[in-house]
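One structure is given below, encoded as structure tokens.
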Amino acid sequence: MDLILRHANLPDGRRDIDIGIQDGRIVELTPAIAANAAKEIDASGRLVSTPFVDAHFHMDATLSLGLPRLNRSGTLLEGIALWGELKPQLTIDALIERALRYCDMAVARGLLAIRSHVDICDDRLLAVDALLEVKRQVQPYLDLQLVAFPQDGFYRSPNAQENLIRALNRGVDVVGGIPHFERTMAEGAASVRHLCEIAAARGLRVDMHCDETDDPNSRHIETLAAETLRTGLEGRVAGSHLTSMHSMDNYYVSKLLPLIAESGVAAIANPLINITLQGRHDSYPKRRGMTRVPELMAAGVDVAFGHDCVMDPWYSFGSADMLEVAHMAVHVGQMTSQDAIARCFDAITVNPARILGLADYGLEPGCRADLVVLQAADPFEAIRLKANRLFVIRGGVVISEAPVQQSALHLAGRPERVELSCP
Ligand code: FE2
């Protein structure tokens, strides 16, 4: 074999497993593999996971913090206005440089698949061309899936309808939308219908920013589910954000959840951004804004978490760390049981992999050998510590590694070294 990882703990609870890898694929996954390999890594009872997957990101805006100025109010709407100020100043080289720098950070964090929305409202389609080039360059080590996103409205922005088709023709993978930002509820619903028809005609997936508002009457998710069924797109559509569900009437939600489940529409929450941007018009109590994650999961809906933003007009923080995203989701969603924490780990790994349609993703023989060795014993500890990524492996090749994190203590009568993980 080319590589064997020994003494691994797996996310599903299996312990002390060896993972044999040959020709870029997992070939064996059992306790104590007898064969030898050209290279061996001793995981020493640490967690070995499939890579992290970010279901919702904006790579065209990332790492642009402060350009051309900072967001003073911190609101979603000032962020959109600020992005509008920055757009005329964008250059393709700067877009590519920032995106590649972000992908480097992502690899170091074991984040090897990202679905990024790309704004198509600029007639030059600079961001589209830049991210298609980035997708080509990172393809050997990172799966970048692009969504044609009409940030200023599919109907509301003058050339967005034409630009969206141009972007798809250039190779953008997924149809986006933003129905709650159209001029009226009726135009929002019409945009959902129109965009689903485009996706169905082209055999593409759909991922819309949907109801990213505190307005409980923003119910475009209902239309998205119904249109998914009408156009035969079951299992290929995601609703991103869905924050209005946080504020909806419980009776209405009791009808809505089964409809979403029936349609196979996936839900993508963005906990860091939702807790920061929603509830801005509230005094006290302030709403949290994140969609109803535990209830969606209980209804059988595929739920994933996205980072959404890192150092851009909407969010100053972040470092490509999907464990930080899951950590926030646990808190905002009060998902503190061991079972719920495990499902939050799924929401940054296997669930988004399914939503993106990633081929050969998984921890079974035959899957591509994409793996992350974490300085943690299990998914709970990985989220608790936002654990160090010791090895990141793509196709059986180590593409990033980091030393074990520990501190030297200078305390009489105490150990000389301390690690935060407790295997
Ligand atoms: Fe977004």
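A few notes on this one:
- Most fluctuating residue given options PRO352, PRO285, PRO313, as computed from a GNM of the chain linking Cα atoms under 10 Å: PRO285
- Helix 220-231 axis versus longest C-alpha principal axis of the chain: approximately 90°, rounded to the nearest ten.
- Nearest 10 degrees, 0 to 90: helix 160-170 Cα axis against the chain principal axis: 40
- Placing pseudo-labels 7 Å out from each Cα toward the beta carbon at GLU419 and THR91 gives an inter-label distance of 4.6 nm.
- What the Cβ-Cβ distance of ARG15 and ASP249 gives, at R0 = 60 Å and to the nearest 0.05, is a FRET efficiency of 0.85.
- Proximal lysines to LYS286, defined as alpha-carbon separation beneath 26 angstrom and excluding residues fewer than eight positions away on the same chain: LYS255
- Relative to the longest principal axis of the Cα atoms of the chain, helix 322-332 runs at roughly 70 degrees.
- Given charges at beta-carbon only (K, R positive; D, E negative), |dipole| of the stretch 52-356 in Debye: 60
- Dipole orientation for the chain: of the candidates HIS117, TRP83, VAL398, TRP83 has the Cα lying most toward the positive pole (charges on Cβ; Lys, Arg +1; Asp, Glu -1).
- Under a Gaussian network description of the chain, with springs only between Cα atoms under 10 Å, the residue in ILE399, ILE268, ILE96 that fluctuates furthest is ILE399.
- log₁₀ of I(q)/I(0) at q = 0.14 Å⁻¹ - the chain, Debye sum with one point per alpha carbon: -1.27
- Only Lys, Arg, Asp and Glu carry charge here, each on its Cβ (+1 for the first two, -1 for the last two); on that basis the stretch 1-122 has a dipole of about 300 debye about its Cα centre.
- Under 23 Å of direct C-alpha separation, and excluding same-chain neighbours fewer than eight residues apart, LYS135 reaches these lysines: LYS87.
- For the chain, carbon and sulfur atoms together expose 52% of the accessible surface, with a 1.4 angstrom probe and every protein chain in place.
The values are calculated or read from the model by the stated rules, or taken from the named source; none is laboratory data. In this text the structure is predicted, and so the values were computed from the model without any measurement. Every residue, glycine among them, receives a Cβ derived from its backbone with ideal geometry; neighbour counts consider all protein chains shown. In case anyone asks, the SASA skips ligands and DNA or RNA and just uses the protein heavy atoms, side chains included. Shrake-Rupley method; radii C 1.70, N 1.55, O 1.52, S 1.80 Å.
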